[in-house]
């Protein structure tokens, strides 16, 4: 269950031959990604693994856990991990920054963060800036219909109480 498939597998009778459906329509995007990752984890003693956006549709905490498991599972393999989530690269010992099809930076995350005018450092800094801005400034609210009435709650906004607010 390294790929977090336990809850998904419970929904299928033939757990070894899960059909995702045409374009994966029988499962959610994140569930499909976990099934594909689980299938790839069956492969042992591989020399090269390419994971292209393997955790798309999966929440941040679960992505971190799955990446840690993948790194451990393929520790003896060359692993190419392609991601737009630059923060995920911090767990690797080597990062390649590609711009317009060419490698513009190559090194460990720590060395690239220390490099003057580093594209990698700029991406990490922007990632943290956006993440903090998003978390601190966006006013989240939960909206649902209950007994034919629209309801809302502001569970993540520190300026408002966590009491239920009804429309």
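Each reported figure results from applying straightforward, stated rules to the coordinates on display, with no laboratory input. Since the model is a prediction, treat every value here as computed from it, not as a measurement. When we count neighbours, we look across all protein chains shown, and the Cβ atoms used for this are built from the backbone with ideal geometry, even at glycine.
Each residue in 81, 134, 55, 92 was given a count of other beta-carbon atoms within 10 angstrom of its own, and listing them fewest first yields 134, 92, 81, 55.
Tell me, what is the percent relative contact order of region 32-113, built from C-alpha pairs under 8 Å that lie six or more residues apart? Relative contact order comes out at 26 percent. Taking the number of Cβ atoms within 10 Å of each Cβ as an exposure proxy, the fewest-first ranking of 89, 78 is 78, 89.
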